[in-house]
Amino acid sequence: MLHLRWLMTLLAIAMCGSGALADERIKVGTTRSTVMGAVFAARERGYFKEAGLDVDIEIIDASAAFMPLLATNQLQVVEGGVTASLFNGIQQGLPVKIGVDTTSSPIGHNLMVRLDLKDEIKKVADLKGRVVGVNAPNSIAAYEVTKVLQSGGLDWGDIQTKVIPFPQMSVAFTTKAIDAGLLITPYTAQFPEQNLAVRWIDVDSVATPQPMSISVSMFNTDWANKSSEVVQRFYAAMLRGVRDYCNAYHGGSWRPELVRLLVANGVGPNAEFLDRITWPARNADGRPGREFLADVQRWYVKQGLSRSELPLDQVIESRYADAANAALGPFKLENTASTKSGCGK
């Protein structure tokens, strides 16, 4: 029934558009994380091909300045963090908007403490004056660290910070350049095994509002204005991949295949490791948390990283997710015995 509905949707798009579907080329940039399994699922399982799309996926550095690539249409879609640069770019008139969520609560991020300091740093107040690593300037990681600090009566100005990309934080812990650091998977699993740092405060346990949409799928609006039905086909196919990711997240039958795909694309060293670490969730319907995005934007303005707050309708384009969900229907959880939260549950 779902497949039939999908084919009928594509047929309707084709009849309303310029004729028969052609293989439209789309370049997508994504960061190396388990959540990128959704876009790879959509390509590997043929959803993009069925939608008449030829999707080229490029792995980009999580700390890189990807906004110029998106704004100049070198990449039509980017999956990346909700940074101050996103809001600033839109405010400056860059042709960029958010289409769907790519990482939603629970995100699995952790403020980790250097192993030799685990008996010294026991409560948030103990971080005062300490050096904390974040992966990029003006990043969502800084917002997350602030939420942790505020849970213990501190704020951003009470700590020292160093900007260190995630892969290099192992060196920073080893050389004692940082006392603590905000880490994502798979580092939250690797660093304790390497005796570099211990997991301490789970960001999901202290941060509000929820759900957090810390990374999103952004698209070039100049491209979208010229090719709106192509964008619609892309996000409808993409949401099919998101649902596959969510079912794999909950231990569904496709999980082993997705794990192999993630290993092949450098997300983890092997299938055993990826299968046991915590995966961030995605919103199964793709809709980003509006209350969260409003809170993040306010924080960037307060920190002087953005000039003023934008109405969220200037930041988010909801019609593509709305149309995709109308075509696909409600998300169906394959493994109903899953005890995990998030990803449609």
At 0.36 nm per residue, and after removing the present C-alpha to C-alpha distance, how many nm does the segment from Gln160 to Asp295 gain when stretched out fully? 46.3 nm
Place a +1 charge on the Cβ of each Lys and Arg in the chain and a -1 charge on the Cβ of each Asp and Glu, then give the dipole magnitude about the Cα centre in debye, rounded to the nearest 20. 240
Go through the range 102-114 residue by residue and turn each phi into a ³J(HN,Hα) via Karplus (6.51, -1.76, 1.60, θ = phi - 60°); whole Hz please, and just put x for glycine and proline. 10, 9, 10, 4, x, 8, x, 7, 9, 7, 9, 10, 4
Rounded to the nearest 500 deg cm²/dmol, what is the calculated helix-only ellipticity per residue at 222 nm for the chain, with -39500 (n - 2.57) per DSSP H run of length n ≥ 4? -11000 deg cm²/dmol
Enter the Cα centre distance for the pair the range 288-329 and the range 43-76, rounded to the nearest angstrom. 21
For Val100, enumerate residues with amide H under 5 Å from its amide H, sequence gap 5+ or separate chain, H modeled in the peptide plane. Ser217
On C-alpha positions alone, give me the angle between the axis of helix 228-249 and the longest principal axis of the chain, in degrees, nearest 10. 50
Relative to the longest principal axis of the chain, what angle (0 to 90°, nearest 10) does the C-alpha long axis of helix 290-302 take? 50
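In square nanometres and to one decimal, what's the mean projected area of the convex hull around the Cα atoms of the range 110-205?
5.2
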How far is helix 255-264 tilted off the main Cα axis of the chain, in degrees rounded to 10, range 0 to 90? 70
Only one of the values (i) 66, 45, 30; (ii) 73, 39, 35; (iii) 64, 54, 53 was calculated from this structure for Cα extents along the principal axes in Å; name its label. (i)
If we count other beta carbons within 10 Å of each Cβ, what is the order of Asp56, Asp285, fewest first? Asp56, Asp285
When a footprinting reagent is the concern and you count Cβ atoms within 10 Å, what order do Thr31, Thr102, Thr336 take, fewest first? Thr336, Thr31, Thr102
Ranking Ile214, Ile277, Ile201 by Cβ neighbours within 10 Å, fewest first, what do you get? Ile277, Ile201, Ile214
Neighbourhood charge, 13 Å Cβ-Cβ cut-off, centred on Asn73 and excluding it, Lys, Arg +1 and Asp, Glu -1: +2
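The numbers here are math on the coordinates, done by the rules we state, and not lab data. Bear in mind that the values here come from a model prediction, so they are computed numbers and not experimental data. Glycine also receives a Cβ, built like all others from the backbone with ideal geometry; neighbour counts cover every protein chain displayed.
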